[in-house]
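Engineer: Submitted below is the structure of interest, expressed as structure tokens.
The values are calculated or read from the model by the stated rules, or taken from the named source; none is laboratory data. All figures in this text were calculated on a predicted structure; none of them were measured in a lab. Here Cβ is always computed from backbone atoms with ideal geometry, including for glycine, and neighbour counts include all displayed protein chains. Accessible surface is based on the protein model in full, side chains and every heavy atom, while ligands, DNA and RNA are left aside. Shrake-Rupley method; radii C 1.70, N 1.55, O 1.52, S 1.80 Å.
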Amino acid sequence: SDHMENIYGYLMKYTNLVTGWQYRFFVLNNDAGLLEYFVNEQSRHLKPRGTLQLAGAVISPSDEDSHTFTVNAASGEQYKLRATDAKERQHWVSRLQICTQHHTEAIGKNNPPLKSRSFSLASQGSANSPGVQRRPSQNAVSFFSVGHHRLPTGKRVPIMQPDHLVDVREMMSQAEGQQRDLIRSIECLPASGHLTSLDQDLLMLKATSMATMNCLNDCFHILQLQHASQQKGSLPAGTTISWLEPKISLANHFKNGAAQNFPAEINKPTSVREEQSTAEPCQLTREPEEINPDEELEDICDDKEDDLGAVEEQRSVILHLLSQLKLGMDLTRVVLPTFILEKRSLLEMYADFMSHPDLFIAITNGSSPEERMIRFVEYYLTSFHEGRKGAIAKKPYNPIIGETFHCSWRMPKSDVATDASTNSSAHSPSEQVTLPKDPEGQAELDCYTVKFVAEQVSHHPPVSGFYAECVERKMCVNAHVWTKSKFLGMSIGVTMVGEGVLHLLEHGEEYTFSLPCAYARSILTVPWVELGGKVNINCAKTGYSASINFHTKPFYGGRLHRVTGEVKQNMTNTVVCRVQGEWNSVLEFTYSNGETKYVDLTKLSVTRKRVRPLEKQGPFESRRLWQHVTESLRDGDIDKATEHKRALEERQRNEERLRAETETPWCTKYFLKYGDGWVYHKPLWKTVSATQTQQTDSN
């Protein structure tokens, strides 16, 4: 590939506080997967002063300025480098990322699947263990002489007393030191030979030892809590002790306009920014396209993510990736393996949250502010289940900047709850929503239409905007979301930073809402999705609000996917509705009049979205843009999918580099930037307001 050529040139390298920055001559050796540096170009024929293996490395542009970036090798070694300008940094970063991805994926191809090689600490002394058969003299575990301290025969282990916590802490410190020594010993092994640092068993040992230490630290925290409770009295009945939450402050993440929501990178002008640096909205340079709903057809695509085959076969790549990630590391710039991808873009996933348009439209039919808030909470809680495709946690495609997704839904008017059906569902849970068999024109008259558009408005940070409207019912919703991914050990956490606003124009009401965090758990076995965190829904005009808690699974007691919430009138502080249950199963709504309603999400009917055929879609619409990646994943051809994905990402880098060279800011197509948020360019509230003004003038 012409993108895999060797490049070289001078960069500044940070050495230490005393020496500071020094000019060094760097060479990227793509064939060997090495980044080498020399004192100067003249000494290039000599032995390099330093060398980094790029397989498994993480290349991260710095937030400090537009010139600095870091290369974090799998061995733990780090180069902090600085280019002369943003253009040169982008050139080095893109080439290093391509080389890194190429050599990292080669690891999975050169190592057999984990399922064909069992690994067990208990079998390390057995002559029949696979490790001994493969290399009798150097088993991956016994190579490091992992010792076990045994108590003298006949002595019983004393019951742990609270005053022994100091001894436990000391033993924990010793264990942490031994674990660091183990990791250091593995990483010091050569990259090739009889026993290498990329050995599959050793990668498993690195990942599991790190997870074990994290687990022990959590358990020690629980012991401390129990000790404290014994000093004040026993724990009350029914108390659950949860795992330590990730050290991410969630309280201020969702407030629109808060300075802490976005890093200084957004407010700091650089030559590679995609957004406008001014507060005024960017004028659209690409003409927005009006999508004709008549061109859209009912979606027949049904890509359920139930296949674990690719994950099993590529587990050595996952292990290697996990072994060089650090707790709390931002995964936004980390290139993840293709085989863990879901067969749709993140923009389309946002559209799937609208899969119950009957509940969405029914919000505005509520006869009172109280009922409308309760209906919105019901719609909100039922939207997450269909947003997930199957039980397996996979990652949607990261949208390309400028990527868009359009779709719509048609909902028979008879299936939408009116103001008379206050606390009842619009239709029975098992009923399927089907459109009338009348001609197309008649069907339009008997149906409400909900239109949806989403756009990736920024690349760094990754921000998506989406908008949906039902013109007939004069209601629309506008939202922007910045996805922040963090590595949490044996799970991955995704914080959804941003805010949405639902507009009910018939009532003059606006409902602001936030989104919960998402977690991919058990990423070494069968990954699954969990939601967590507290979200709020508020209507300033009516004074009604809702507080919803998505509970993560406690360490001791409790159940999965639990959600609780309440709706209250702020002026009187009166709770008018309580909700509890599971966000992917059954929800129970209890009203102030004593009535109770159950909603079974597994039986709730789903309305298929309508999407234009690929041949009628624009080149930057999600399904057409990612069609070759999706087709390759459906065929099980991971290598081909990776090549198509890499081509799209490289095109994005080239376009970003061209904009940096010409100092051309990125302008969006459908969304305009206002403050820290993004708003659809032609929202319904502006259209309705303009229409009412014209009618007033004509009268």
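Engineer: From the phi of every residue in segment 612-617, what ³J(HN,Hα) in whole Hz does the Karplus formula 6.51 cos²θ - 1.76 cosθ + 1.60 yield, where θ is phi - 60° and glycine or proline is x?
Structural biologist: Whole-Hz 3J(HN,Hα) from phi for segment 612-617: 5, x, 4, 5, 9, 7.
Engineer: Averaged per residue, what accessible area in Å² does segment 462-502 show with a 1.4 Å probe, protein chains only?
Structural biologist: On the way: 880 Å² over 41 residues.
Ligands and nucleic acids excluded, the figure is 22 Å² per residue.
Engineer: Still on this structure: Take peptides 374-383, 61-70 and line them up by average Cβ neighbours within 10 Å, highest first, as a rough protection proxy. Walk me through the intermediate numbers first.
Structural biologist: Numbers: 374-383: 22.5, 61-70: 17.3.
Most protected by this proxy first, the peptides run 374-383, 61-70.
Engineer: Let me ask something additional. Can you tell me which of 356-367, 75-86 comes out highest on packing, and rank the rest after it, using the mean Cβ neighbours within 10 Å? Numbers along the way, then the final one.
Structural biologist: Values: 356-367: 23.1, 75-86: 16.9.
Result, highest mean first: 356-367, 75-86.
Engineer: Still on this model: For segment 7-108, with all protein chains present and a 1.4 Å probe, just round the carbon and sulfur fraction of the accessible area to a whole percent. Mind showing how you got there, number by number?
Structural biologist: On the way: 2150 of 4460 Å².
In segment 7-108, the share of accessible area belonging to carbon and sulfur is 48 percent.
Engineer: Highest first, please rank the peptides 291-300, 538-547, 408-417 by the mean number of other Cβ atoms sitting within 10 Å of their residues.
Structural biologist: Details: 291-300: 13.6, 538-547: 18.2, 408-417: 20.3.
Ranking, from highest mean packing down: 408-417, 538-547, 291-300.
Engineer: So which of Lys486/Lys686; Lys553/Lys669; Lys486/Lys640; Lys47/Lys80; Lys609/Lys640; Lys87/Lys640 end up more than 32 Å apart, counting from Cα to Cα? Numbers along the way, then the final one.
Structural biologist: On the way: Lys486/Lys686 38 Å; Lys553/Lys669 41 Å; Lys486/Lys640 28 Å; Lys47/Lys80 21 Å; Lys609/Lys640 29 Å; Lys87/Lys640 30 Å.
Violating the 32 Å limit, Cα to Cα: Lys486/Lys686; Lys553/Lys669.
Engineer: Follow-up question, since we're still on this one. What list of ³J(HN,Hα) values in whole Hz, one per residue of segment 623-636 in order, does the Karplus curve 6.51 cos²θ - 1.76 cosθ + 1.60 (θ = phi - 60°) give from phi, with Gly and Pro shown as x?
Structural biologist: 5, 6, 4, 9, 4, 6, 5, 4, 4, 5, 5, 5, 7, x
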